[in-house]
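For reference, the structure is listed below as structure tokens.
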Amino acid sequence: MNALEYAIGLLLAVSAIAAVVATPFLMAHARTTRDHGPDCWWCHPRLRRR
């Protein structure tokens with residue numbers, strides 16, 4: 001296996017792991033029933049309170 005194949009495989013593996021980890025958080029956030037508006041740091045990261 002050459003370096004290009006290794007890099008592509010590593011990129012695919014890392015992106016798959018990131019997708020598996022992020023999916024529950026994204027699904028839970030999308031299922032909120034109330035309109036959380038600009039206070040939501042997830043939807044509005046620039047409006048985050050400091």
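The values are calculated or read from the model by the stated rules, or taken from the named source; none is laboratory data. Owing to the predicted nature of the structure, the values given are computational and were not obtained by experimental measurement. Surface accessibility is based on the protein's heavy atoms, side chains included, excluding ligands, DNA and RNA. Shrake-Rupley method; radii C 1.70, N 1.55, O 1.52, S 1.80 Å.
Restricting attention to the range 30-39, does a residue exist that is in a helix (DSSP H, G or I), at pLDDT 90 or above and open to solvent by 100 Å² or more (accessible area, probe 1.4 Å)?
Residues of the range 30-39 that are in a helix (DSSP H, G or I), as a first pass: 30, 37-39.
Now drop any that are not at pLDDT 90 or above, which leaves none.
Checked against the condition, which is being in a helix (DSSP H, G or I), at pLDDT 90 or above and open to solvent by 100 Å² or more (accessible area, probe 1.4 Å), the range 30-39 yields no hits at all.
Kindly establish whether VAL14 is at pLDDT 75 or above and open to solvent by 100 Å² or more (accessible area, probe 1.4 Å).
Details: at pLDDT 75 or above: yes; open to solvent by 100 Å² or more (accessible area, probe 1.4 Å): no.
So VAL14 does not fit the description; no.
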